[in-house]
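Colleague: Sending over a structure as structure tokens; questions will come in a sec.
Any read-out appearing in this document is the output of simple, stated calculations on the displayed coordinates, not a laboratory observation. Bear in mind that the values here come from a model prediction, so they are computed numbers and not experimental data. Neighbour counts are summed over all protein chains in view; Cβ atoms, including those assigned to glycine, are modelled from backbone coordinates with ideal geometry.
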Amino acid sequence: MPGSPQVSCTLVLACFRLSADGLAVFAPGGLLPRRTHSGGNTQEAARDLIDTTTRSRWFEVAGPVSRAHGSLLTLAIAAASPRATEAADADWTPLARIARLSDADRAVVRHAQTFIRWRSYFAPVAFALAGDPFTLSDLQDAYERLLGRPVHKAGFRRALAAAALTRPVKTWRQDGRGRPAQLYRYSKPKGRTNRPLRFDLIGTDQQRA
């Protein structure tokens, strides 16, 4: 509202991509990218931070992270990028090795990872990780690494078809000696956009939504 004081905060980016053993986070020099934000449009400030670092296709403000007394509020920006990015491989830290990050940065990573796992049922997080275009196996792999659990293949593909989240392109990719795999792109859902993608994870009787 007019006349309200501007509240400063620190925007900290936790951008994830797929790695050999799960997920990795962008931390050049062992630090998550950050900048001070003094009022104004937080979404635009987050977009600017991403455009000068990873240029991620998907991002959302993941909310505030715990802060020490007297310090600036920290807002986590969660983002997802495909493996093929302009950032050097050395700038990405596998989540299995985030102990090398500071306590504050580890807190942001954990907060953002929990956020993107939840958002993956409603937003195209896994699609951003899989790259464009992708095979259905690529997309399933992205979901499995993101959620940390195997996905039931047949149920997953039925869920994708029912939600109409993919559209085929006139291109196929040959992987190994098997049949070429159809390539797809993300198709933004029409109408209701808050309906979760529902599928089963192997090793649990509960349907994820």
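Colleague: For the range 125-208, what's the relative contact order in percent, using C-alpha pairs closer than 8 Å and at least 6 residues apart?
Modeller: It comes to 31 percent, rounded to a whole number.
Colleague: If I take R0 = 22 Å and measure r between the Cβ atoms of Thr114 and Leu31 in this structure, what FRET efficiency does the formula 1/(1 + (r/R0)^6) give, to the nearest 0.05?
Modeller: 0.55
Colleague: Just going by the charge dipole of the chain, with Lys and Arg at +1 and Asp and Glu at -1 on Cβ, which of Leu146, Leu201, Thr93 is farthest out on the positive end?
Modeller: It is Leu201, whose Cα lies furthest towards the positive end.
Colleague: For Arg195 and Ser38, compute 0.36 nm times the residue count separating them, minus their Cα-Cα distance, and round to one decimal in nm.
Modeller: Details: separation 157, 0.36 × 157 = 56.52 nm, distance 3.44 nm.
Taking 0.36 nm per residue and subtracting the Cα distance, the gain is 53.1 nm.
Colleague: Related question: Taking the Cβ-Cβ separation of Asp103 and Arg47 as r and a Förster radius of 25 Å, what is the calculated FRET efficiency to the nearest 0.05?
Modeller: Numbers: r = 28 Å, r/R0 = 1.10.
After rounding, the FRET efficiency stands at 0.35.
Colleague: What does the charge count around Phe59 come to, taking other residues whose C-beta lies under 15 Å from its C-beta (Lys +1, Arg +1, Asp -1, Glu -1)? Please list the in-between numbers first.
Modeller: Details: positive: Arg17, Arg34, Arg35, Arg47, Arg55, Arg57, Arg119; negative: Glu44, Asp48, Asp51, Glu60.
For residues surrounding Phe59, the net value is +3.
Colleague: Percent antiparallel among DSSP beta bridges with both residues in the range 8-119, to the nearest 5? Let's see the in-between values first.
Modeller: Details: 19 of 27 bridges.
If I count the DSSP bridges inside the range 8-119, around 70 percent turn out antiparallel.
Colleague: Also, I was wondering about something else. Of Asp132, Asp21, how do they rank once you tally other Cβ atoms within 10 Å and put the fewest first? Could you put the intermediate results ahead of the total?
Modeller: Working: Asp132 14, Asp21 11.
Taking fewest neighbouring Cβ atoms as first place, the list is Asp21, Asp132.
Colleague: Normalised by the residues of the chain, what does the relative contact order come to in percent, with Cα pairs under 8 Å and at least six apart? Before the final figure, lay out each step's value.
Modeller: Values: 354 pairs, mean separation 39.2, N = 209.
Relative contact order here is 19 percent.
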